[in-house]
1. Could you list, in sequence order, all residues of segment 99-153 that are at negative phi, at pLDDT 70 or above and either touching a Pro at 6+ places or on another chain (Cβ under 6 Å) or of a type in the set (Gly, Ala, Ser) (or both)?
2. Where residues in segment 14-41 are part of a helix (DSSP H, G or I) and surrounded by fewer than 10 Cβ atoms within 10 Å (Cβ to Cβ), which of them is modelled with the highest pLDDT?
3. Can you find, within segment 71-95, the residue that is nearest to residue 53 (Cα to Cα) among those that are charged (D, E, K, R) and modelled with pLDDT of 80 or more?
4. Need pairs with beta-carbon distance below 8 Å; first residue farther than 17 Å from residue 135 by Cα and within segment 106-124, second surrounded by fewer than 16 Cβ atoms within 10 Å (Cβ to Cβ) and not hydroxyl-bearing (Ser, Thr, Tyr); sequence gap 6+ or separate chains.
Amino acid sequence: MQPHDFCDPQSSVINGPVTGTAGAPPESKTRFETMLRLRQVFMVSLPLVLILVLQVSQPAEGFIIRLITETLQNNVAGEPILHERTNWDFDPEAAKRARSLYYEKNGFRSAKFIERLGVGLDGRHQERRQEQGERDVGRLNGEHNVNYPPPPA
C-alpha cells in the first residue's frame, strides 16, 4: 500500500483507503437526471396517449373502457348540454316583493314559522300558544310577544 491510498484527495486528510467516492459519483448524478427526465416524459405522455386512444377507438362494449370513457367525458369535460347558453327572465323587483311577502307571513329569520311549528298544526295551536305564553312569562324577556303580540285589552 502506498501512502496516497490512505489520503482523501478532496480533503488531504488521512481517513483510510480511498474508495474513489468523494461525494456522489458522477454517473449517479446523470442517472438521477435521466430518471427525472423519464418521469417527466411519462407524466406528460400518459394522459396524451389515453386521450388519443379514447378518441380513436370505437365505442366499446367492454365495461372498463366504457367506464373510463364516460368518466372522462362526463366528469372531466362535462356533458355538452352544460355548455349551452341559457337566458333567464330575471326581475330584481320580484325578489324584493317575494321577500316582503315572506317576512309578512313567516317573520324575520322565520321566527313566526318556527313558532307555528312549535305549537303544532292539528287545530289546537291557539290553546298551545296561550299555554306557552303563560309558561314563558318573564322567561324570554317578552320575546314571545314579538311574533304574536297579545290581543289589545
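The values are calculated or read from the model by the stated rules, or taken from the named source; none is laboratory data. Note that the coordinates shown come from a computational prediction; the quantities given were computed from them, not determined experimentally. Ideal geometry is used to build each Cβ from the backbone, glycine not excepted, and the neighbour counts take in all protein chains shown.
1. Across segment 99-153, the qualifying residues are 100, 111, 118, 133.
2. This residue is 27.
3. 89
4. 106/113; 107/113; 111/146; 112/105; 113/105
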